[in-house]
Every structure is written in structure tokens, then in C-alpha cells.
1. With a 10 Å radius around each residue's Cβ, average the other Cβ atoms per peptide and rank C:99-106, B:53-60, highest first.
2. In Å, what Rg and Dmax follow from the Cα atoms of the range B:40-139?
3. Compute the acute angle (0 to 90°) between the alpha-carbon long axis of helix A:56-69 and the principal axis of greatest extent of the alpha-carbon atoms of chain A; round to the nearest 10°.
4. Relative contact order for chain C: what percent, with Cα pairs under 8 Å and sequence separation of 6 or more?
5. If you take each beta carbon of peptide B:41-51 and count the beta carbons of other chains within 10 angstrom, what is the mean?
6. For the Cα atoms of chain C, what angle does the longest principal axis make with the long axis of helix C:20-30, in degrees from 0 to 90, nearest 10?
7. Counting other C-beta atoms within 10 Å, which of B:42, C:38 has the fewest, and how do the rest follow?
8. Which residue, chosen from C:26, C:62, C:40, occupies the Cα position most advanced towards the positive end of the dipole of the range C:4-88, where the dipole is computed from +1 (Lys, Arg) and -1 (Asp, Glu) charges on Cβ about the Cα centre?
Amino acid sequence: MIAQQHLEVATRGRGTYDVTRSVADSVRDSGIRTGLCHVFAHHTSASLILCENADPTVRRDLEAFLARLVPDGDRVFDHTDEGPDDMPAHIRAILTKMDLTIPITAGRCALGTWQGIYLYEHRTGAHRRQITVTLQGEP
Amino acid sequence: MIAQQHLEVATRGRGTYDVTRSVADSVRDSGIRTGLCHVFAHHTSASLILCENADPTVRRDLEAFLARLVPDGDRVFDHTDEGPDDMPAHIRAILTKMDLTIPITAGRCALGTWQGIYLYEHRTGAHRRQITVTLQGEP
Amino acid sequence: MIAQQHLEVATRGRGTYDVTRSVADSVRDSGIRTGLCHVFAHHTSASLILCENADPTVRRDLEAFLARLVPDGDRVFDHTDEGPDDMPAHIRAILTKMDLTIPITAGRCALGTWQGIYLYEHRTGAHRRQITVTLQGEP
């Protein structure tokens, strides 16, 4: 049994956007009891992460860390066509990955208590980001 | 055909814990010949990695690298509720990921010769970590 | 429905090798219309990434960044049996991961417009790298 759904996330620039509810709804709607939920971002400058979902400071600290690790405008970068955040966005996306797979157990997206699913926009400007959710398993 | 198993790993604090044997046993017990084995840690401060399995120095060097990359007590972090290793644990888990998928070929978990599966505890204290193994494929 | 294929990539040392076409061909040959395509590298010093596929400068900048982040010959490393690039290769592979899952939609590997699939060789010398592609879904 397989189902596939499409989500679009309109970002307002760099930062994390909670998509946990949308993904959990896709799982519930699928009727799958035991299986896997795959989430995929069709981009090279936005990614998907599992992150602590209770204190927004965690995601602010994560952003502060990544901004220091992969500095905008770093002179090591030659690919700067779209500005100082262009190449850092590609690297941040590769380090945090565009694909994510979560178990489905008892008909639910079996996240841990503190796990939320976030689209991570790495460009400083607003973008429309495309996500595909694929659900496989048994009813 | 689908099967799902649960593992618990009692950690003694920061470091890697070999779960290769448990995952391989789940694959063998499932009776699946061709398919995929998905391993998932239900946490935001522990992760799952594939790492060289022969020389323990590799995992010690990895830990030394990560400890330097994401320093405990770094002043860039505001989220310090649970101590200086709290926020670094979240970042280390995001950089090394909580989900992992391995092919099943000829009824076996088709790891490379030098690949082992490790739960990576990123907190300095001991924790009980929950893992779900999901197996999909054909007998 | 499930299919599995094997690919071998002969690398000429450190850098990225485009395997998008081979993976896309596996998807098309499988006859699966809706499902998932899993790609796996059986190694601990080579990995798989999704990266921008239009401007080769992006992959050169990525390499420059990683070479600075995980320096060859770093004195923090004790595991140096196979040379100064040995331990950095393990860490680079863990940070960029050996497994990758992409949706199959309408019979095609549903990559974003700018996403290419690359094997990333992290050793400085040439190697033969083994990849397994597993395809699951419905015709």
C-alpha cells in the first residue's frame, strides 16, 4: 500500500518552518498502520530536520551555530551568483539533508516526544518550497 | 511484507554504542530476502551513524572532532537548561541524523565490510534510548 | 513490487562523481510508477549527496569548505594508518551520509530541477565504490 502527497511551504527567508502537523495528517489520512513515512524537499538550498520541538531557543541556537560554521560571504566561495548566502545555503542543505524517513506505528507518525519535523530555509530571501510525502506500509 | 521491532539501548553517557548485531538479527528474523531496513532513534540528542567497525580509534577521533566542532558550553548558545552539553547534543544529533536506511540483499543486512551501525549518545549523562527497526520487502 | 540493482563507480580520488543518470535509469527500468528509490554506498570513506547540478563551482566550493572543516593531517586524529586523509574521509562520510532516499512519481526519479545525485569520494586516492539501488512501489 502506497500513498503520495505534495506540500508547499512559503518561507519568509532563513529559518525553520514546522511541518510536523502536515506530515502527521498525511500519515493518518493514508490508513497505513505499520510502515514508513518519507519526506523529501526538492531543493538544494533548503533541507529537512528533526529538531527539539518545545523551546524555540533550540532552533535559534542551531541557526547561530550554522551561521558561524558556514559564514555568508566566506571568501573560500567562488559561486556567489545569487549573493553571499548562495553557496552557504547549498552547504547547509547538504549537512542537514533533504530526505527524512520516520516509522509509522499503530497508524501514527512515530516521532519521539520531543521530535518535530522542520523545513529549514537556508536562503535569506523568501521562497516557495516543494515537499513530497510518500507513505508505504500495511493497513 | 513488513515487520517492526523495538530496541532499547542503555547508554553510559557520550559515545558510540554498537547496535549492528541487533539490527542484523531483526533482518534475519523477518524472513525478508530483498528490501530495506530502516533504523530510527526517537530522540533529539542521540543519533545513528554508519562508521568504521574495526579500529575503535576511529570512533574516538570522531568524538574528538565533534567535541571541537560543537563545544560544550559555547557562549553562542542560549538554550542551556540541562547544562553545557544540552545544545551541543541537539546540534550533533542534527549533523549526524536520527534515521538510517540499509538495503536487505539475499536475506541479510547488506552493510559494507567495514560498516557498523552505532547509536551515538551525545549527552554526557546516561540515558535509555529507544530505536525502532522497520523492515520492508519480499520473502 | 521491489527491484535491486548494483552500480560500481571507479573514482580517480577525492571529489564528486555524478550518478544521477544511472539511478534514474534504474527507476525507469523498474516499471514502478509511485514509490521510493533508495541509494546506498557500502563504504565508510565515500558518501552520497544531493547537490546543485548546473554549476561545477558549487561542488568545488563544497570541497574547499570540507577540506577546511576536516583538515587532512589534523593532529586531533590518532587513526592515521592509511595516511593523513584516512580519518578525515571517515568524518566527511559521516557528515554527508551513505544513504539517500528519493521519491518515485509518475515513473520517474522525482528530483528537483537543480538536484543531482553524486557519489562523494573522500580519499585522495582512486577507489572502486559499490552502490546498491533499491526500488519499492507500485506499477
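1. On the way: C:99-106: 21.2, B:53-60: 16.4.
Output ranking for C:99-106, B:53-60: C:99-106, B:53-60.
2. Every Cα atom of the range B:40-139 included, Rg and Dmax give 15.6, 53 Å.
3. 40 degrees
4. Numbers: 295 pairs, mean separation 75.8, N = 139.
Answer for chain C is 55 percent.
5. For this peptide, the per-residue mean of nearby foreign Cβ atoms is 5.
6. Relative to chain C, helix C:20-30 is tipped by roughly 30 degrees.
7. Listed from fewest to most nearby Cβ atoms, that is B:42, C:38.
8. Of C:26, C:62, C:40, it is C:26.
Values quoted throughout were computed directly from the atomic coordinates according to the rules given, and no laboratory measurement underlies them. Worth saying up front: this structure is predicted, and the values here are computed from it rather than measured. All Cβ positions, even for glycine, are placed from backbone atoms using ideal geometry, and neighbour counts span all protein chains on display.
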